[in-house]
Structures are given as structure tokens and as C-alpha cells.
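Scroll down for the structure; my scribbles are underneath it.
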């Protein structure tokens with residue numbers, strides 16, 4: 001991947017480029033920012049540069065192809081762990097993760113997208129193996145998915161990493177992590193990308209769709225790319241947005257509770273929450289009280305509380 005193909009994040013790229021040129025590479029990097037904003041894309045570029053910089057052109061091309069196919073011995077990736085309703089499709093999971101996950105098939109309770117202590121053991125085993133080159137890079141998306149016991153186990157690896165090992169971690173928020181993991185990492189914060197920079201990604205879609213995609217992407221290039229390339233997904237997003245707009249309009253409490261049913265189901269519906277937030281911002285009857293109630297709803301949905309009750313209390317509170 002060429003650095004010039006990355007959308008936005010010039011400051012972060014410049015910092016990483018300086019680390020490479022000065023030989024001042026940290027043993028752990030933590031990329032923090034909103035979902036789909038480009039953290040993983042930058043992480044893949046940085047990992048590739050760490051493993052291929054200084055190679056002859058032909059060797060570099062071959063190594064990049066191996067990294068992209070996740071067959072490079074010195075590139076470890078822990079990305080997708082379990083895909084609900086598609087869990088038997090190992091090929092799809094293998095497109096982003098190359099660390100052994102056999103424990104998930106042995107125990108049903110392990111079948112989730114949470115990073116468990118077994119995952120950390122697999123990482124530790126691979127990290128301590130002898131590599132082909134001077135460096136071995138381990139990319140972990142969503143390090144905030146770590147279970148508590150797994151977090152402590154991973155911390156031990158960060159405290160005494162083998163020579164030449166580099167961890168590249170991503171998270172939507174460093175407040176979700178053990179402070180000691182944050183303190184042992186070089187933190188780079190990623191902001192939302194300007195619409196002007198994302199616009200070329202959606203230049204081939206109809207003008208009306210283009211405006212909608214830029215609006216709902218909210219500065220996340222990854223979201224814009226998916227919506228611009230998948231008409232079915234775009235239709236789903238438009239339907240979801242229309243439902244969110246209707247929610248804030250004249251509607252009975254029972255209708256509102258029914259409309260929020262997706263939020264009470266397993267895994268919730270993060271995209272619908274985003275559309276609710278956008279629609280509230282656009283609503284002519286938006287108020288501070290409604291905004292505060294919605295923020296409280298989002299926080300409570302992240303807990304282990306009974307979600308149907310959370311939704312009911314929220315609806316009754318905004319009448």
C-alpha cells in the first residue's frame with residue numbers, strides 16, 4: 001500500500017515516517033480514534049514499512065503480497081475473531097486474522113468477538129518464535145475487546161517484549177483500556193477526516209447519494225467506501241435514517257419503544273444509534289433535555305443492565 005493512497009491523517013503518517021527514518025521505533029503503538037476512520041489502514045501501512053523498508057524492489061513487492069495475504073511469517077494479525085451468523089465461514093475470518101483460533105470451536109462459550117486469555121496465549125507463542133527478519137509485527141484491532149484477565153496477560157508481554165517485536169494496537173477509546181497498557185504504548189490519536197478529503201471516494205455515486213454518504217459517514221473513510229460500493233447497504237442506511245427521523249417526530253411511546261427494538265437485541269445496533277444521533281441533531285424540536293437523555297441511553301446500553309428496561313425508561317423520559 002502506498003502512503004499516498006491513505007485518506008487523511010497526514011500528521012500521524014508524518015510521525016510514523018519520522019520514527020522509521022530515525023530508527024526510533026517503539027515496541028508498542030496505540031492508535032486511538034472513531035470506528036472506520038482509518039486506524040487499521042494506517043496500521044497495515046506501518047506494519048508493511050516496518051517489515052519491508054530497505055528491501056530491493058522485487059523482494060519488497062513479494063513481501064508486501066505475503067503481508068496482504070497474511071502469510072508473511074513476521075506479520076501477525078488479530079482482527080475478526082467471530083462473525084455472528086457467519087461463524088462457520090472460516091475463509092472470511094482468515095482474510096483479516098492469521099493467529100490460531102481453534103479454541104473457539106472447542107468451547108461454545110468462547111464463540112465471541114472478545115479477546116480472551118487463550119488469544120493472548122496464542123499471540124505470546126507466535127511473538128516468541130524465531131522470525132525470518134529483524135522485526136516481527138503484531139497488529140491487534142480493537143484492543144479494548146480484551147477481557148480483564150486477558151488484559152493482565154497481554155500486559156506481561158508488553159512489559160518484557162522480545163527484541164525486535166512491535167505491537168500496533170487500535171481502540172476507539174483509551175479510557176476502555178488498562179492504564180498500564182496505554183502508558184506502555186506510544187499513543188497516536190486519529191481524528192475524523194474532512195469531507196473534502198473523503199469526497200473522491202464517493203465521486204462515482206449519484207449526487208443525492210453522495211451527499212447522504214458524506215453526511216452519515218461522519219468523517220469515516222471506511223464507512224464511505226462501504227456505502228459507495230454496496231447499493232444494498234446504502235439502501236439499508238437510508239431506511240435506517242428515515243426510521244431515526246421518524247422516531248424523533250410525532251410518535252406514541254409504544255411506537256417509539258417498538259422502533260428501538262434493534263437496540264435491545266444481542267449486539268445492539270450501533271449504526272441505528274448513529275442515525276438516531278444524526279436525526280436528533282437535525283430535528284427542529286431538538287432540545288438539551290432530549291440530547292442529555294440520548295447520551296444517557298448510549299452510556300446505559302454499554303452496561304450489562306436489562307436493555308428493554310433501559311429503552312422503556314428512555315422513551316418515557318423524552319415524551
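FYI, it's all coordinate maths here, none of it is from the lab. None of the values given here were measured: they were computed from a predicted structure. Here the Cβ positions follow ideal geometry from the backbone for every residue, glycine too, while neighbour counts run over all protein chains shown.
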Q) Cα convex hull of segment 233-317: mean projected area in nm², to one decimal? A) 5.3 nm²
Q: Evaluate the relative contact order of segment 3-189 (contact order divided by residue number), counting alpha-carbon pairs under 8 angstrom at least 6 apart; express in whole percent.
A: 33 percent
Q) Of 280, 263, 309, which is the most mobile in a GNM of the chain whose springs link Cα atoms less than 10 angstrom apart? A) 309
Q: On a 0 to 90° scale, report how tilted helix 207-217 is relative to the longest principal axis of the chain, with both axes built from alpha carbons and the result rounded to the nearest 10.
A: 70 degrees
Q: Let me know the whole percent of all Cα-Cα pairs from segment 125-223 that are separated by more than 23 Å.
A: 47 percent
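If I take R0 = 45 Å and measure r between the Cβ atoms of residue 128 and residue 58 in this structure, what FRET efficiency does the formula 1/(1 + (r/R0)^6) give, to the nearest 0.05? Each step should come with its number before you reach the end.
Working: r = 31 Å, r/R0 = 0.68.
So the FRET efficiency works out to roughly 0.90.
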Q) Based on the alpha carbon coordinates of segment 3-189, what radius of gyration and maximum Cα-Cα distance (Dmax) apply, in Å? A) 16.0, 47
Q: With runs of 4+ DSSP H residues as the only contributors, calculate the mean residue ellipticity of the chain at 222 nm using -39,500 (n - 2.57) per run, divided by the residue total and rounded to the nearest 500.
A: -15000 deg cm²/dmol
Q. Taking springs between alpha-carbon atoms closer than 10 angstrom, which of 137, 149, 193 fluctuates most in the Gaussian network model of the chain?
A. 149
Q. Mind checking which of 217, 206, 279 has the largest fluctuation in a GNM of the chain, springs on alpha carbons under 10 Å?
A. 206
Q) Once the Cα atoms of helix 57-68 and of the chain are each reduced to a long axis, what angle between those two axes, in degrees from 0 to 90 to the nearest 10, is obtained? A) 40 degrees
Q) What angle do you read, to the nearest 10 degrees and between 0 and 90, between the alpha-carbon axis of helix 148-159 and the longest principal axis of the chain? A) 30 degrees
Q: Report relative contact order for segment 233-317 in percent, whole number only (criteria: Cα-Cα under 8 Å, sequence separation at least 6).
A: 35 percent
Q.
For 251, 122, which order do you get if you count the other beta carbons within 10 Å of each Cβ and list the fewest first?
A. 251, 122
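How high is the relative contact order of the chain, given as a whole-number percent (alpha carbon pairs under 8 Å, six or more residues apart)?
RCO, the chain: 20 percent.
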Q: Take 17, 58 and order them by how many other Cβ atoms sit within 10 Å, fewest up front.
A: 58, 17
Q. Between segment 129-202 and segment 1-40, what is the C-alpha centre distance in whole Å?
A. 12 Å
Q | Evaluated at q = 0.09, 0.11 Å⁻¹: base-10 log I(q)/I(0), Debye formula over Cα of the chain | A | -0.55, -0.81
Q. If one computes the Cα centroid of segment 112-128 and of segment 238-256, what distance in Å separates the two points?
A. 42 Å
Q.
How would 269, 119 line up from fewest to most surrounding beta-carbon atoms within 10 angstrom?
A. 269, 119
